[in-house]
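The values are calculated or read from the model by the stated rules, or taken from the named source; none is laboratory data. If you're wondering where the values come from, they're calculated on a predicted model, not measured in any experiment. Here Cβ is always computed from backbone atoms with ideal geometry, including for glycine, and neighbour counts include all displayed protein chains. Heavy atoms of the whole protein, side chains included, go into the accessibility calculation; ligands, DNA and RNA do not. Shrake-Rupley method; radii C 1.70, N 1.55, O 1.52, S 1.80 Å.
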Amino acid sequence: MPSEFELIRRYFVRDASSVIGDDCALLAAPAGLALAVTTDTLAEGTHFLPGTDARRLGHKSLAVNLSDLAAMGADPRWFLLALALPEADEPWLAAFAAGMFALADAHRIELVGGDTTRGPRTITITAIGTLPPGYALRRDAAVAGEDLWLSGATGEAALGLAHLRGRVTLPAAAAGQCVTRLEAPEPRVALGRKLRGIASAAIDVSDGLLADIGHIAEQSKVAAEVDIAALPRAAALAALPDTDLADECILGGGDDYELAFTAPSAKRGEIESAGRAAGVAVTRIGRIVAGTPEVRVLAGGKPVAASYNDARRGFDHFR
């Protein structure tokens, strides 16, 4: 059986110039740029189901970190990987590494170090990006009177999970699309970069649309109004007979990794141009208003019944 260090060399050291193999990675940030650093842990049984395709899991493990960098408007540069495995499963490692490095290459981000250990399957990635100082898209920068925007559409990942868990049975094409959104999300890195200097506040939608917009509202000390009729609906959700489940997925489902962001109304044209340039649909879904920090769901300008309280809370590991 190969040793820990042989596994690292075999699957994660890509060329002789790699910095992996020393006690630390020595990195030099480009002159005049600030660093953005994020970390995420994915644990089997909590963040992904046992038996999830290893290549897709490698992709997703990096994607969730790239999504955080996108929400800040940062350019990906480097990442570190800490991996706990119940056994040295080489076919699994080969597929995992292939998925992870395919996404890394697409975004020109380099693996520069990490760790491996035996234990329950757990994946932790720390990603580092750069951006010009003063251009970060922060959660605390939304201002009353601004538009509230969303990239793409939410809910497909949550619907895919509901399908895998047997809560709903989807047609084959819809199931394939939704499970792909769950297991292989595409981080909106290009859009985040385009929004620098245009958007005010941003967050990636990982724990649920209302919950994550709520973080912007709380940290910016404003209220957010979401027009439920304005929310884009993917085909699988639009066709779902159970409209309550559809709304639950759209408003409260996690794992979408879209961007929710705010911008002055005068920037609408620039936002739409940024979306086109990044190849991502962007939709104006509401507005930011003065008031107690909260998220209000409206239909026809009137508050929707409080049946969305659970959706507002979103995913919480300890609830």
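Per residue, the accessible area of the chain comes to 46 Å², computed with a 1.4 Å probe over protein heavy atoms only. Peptides 240-250, 141-151, 204-214, ordered by how many other C-beta atoms sit within 10 Å of their residues on average, highest first, read 204-214, 141-151, 240-250.
In plain terms, the chain from THR169 to THR46 could stretch by 42.1 nm, reckoned as 0.36 nm per residue minus the Cα-Cα distance. Rolling a 1.4 Å probe over the protein heavy atoms of the chain, with every protein chain left in place, gives an accessible area that is 52 percent carbon and sulfur. For LYS302, the solvent-accessible surface with a 1.4 Å probe is about 140 Å², rounded to the nearest 10. Ranked by the mean number of other Cβ atoms within 10 Å per residue, highest first, peptides 56-62, 93-99, 268-274 order as 56-62, 93-99, 268-274. Based on C-alpha pairs under 8 angstrom that are at least 6 apart in sequence, region 37-196 has a relative contact order of 35 percent.
The dipole here belongs to the chain: it is taken about the Cα centre, uses +1 on the Cβ of Lys and Arg and -1 on the Cβ of Asp and Glu, and is about 740 debye. For region 81-209, the C-alpha radius of gyration sits at 1.31 times the compact-globule guess of 2.2 N^0.38 Å, with N the residue count. Given the DSSP H assignment, sum -39500 (n - 2.57) over each helix run of at least 4 residues in the chain and divide by its residue total; what's the result at 222 nm in deg cm²/dmol, nearest 500? Counting only the DSSP helices, I get -10500 deg cm²/dmol.
Placing a label point 7 Å from the Cα of VAL143 along the Cα-to-Cβ direction, the residues of region 257-283 whose backbone N falls under 12 Å from that point are 263-267. Take every DSSP beta bridge whose two residues both sit in the chain; close to 70 percent of them are antiparallel. Across the protein chains, with a 1.4 Å probe defining accessible surface, the residues ILE288, ILE228 rank ILE228, ILE288 from largest area downward.
The 1.4 Å probe gives accessible areas that order ARG77, ARG276, largest first, as ARG276, ARG77. Look at the alpha carbon pairs under 8 Å that are at least 6 residues apart: their mean separation over the length of the chain gives a relative contact order of 22 percent. For the chain, the gyration tensor built on C-alpha atoms gives an oblate shape. Its axis ratio a/c (a ≥ b ≥ c) is at least 1.5, and a/b is not larger than b/c.
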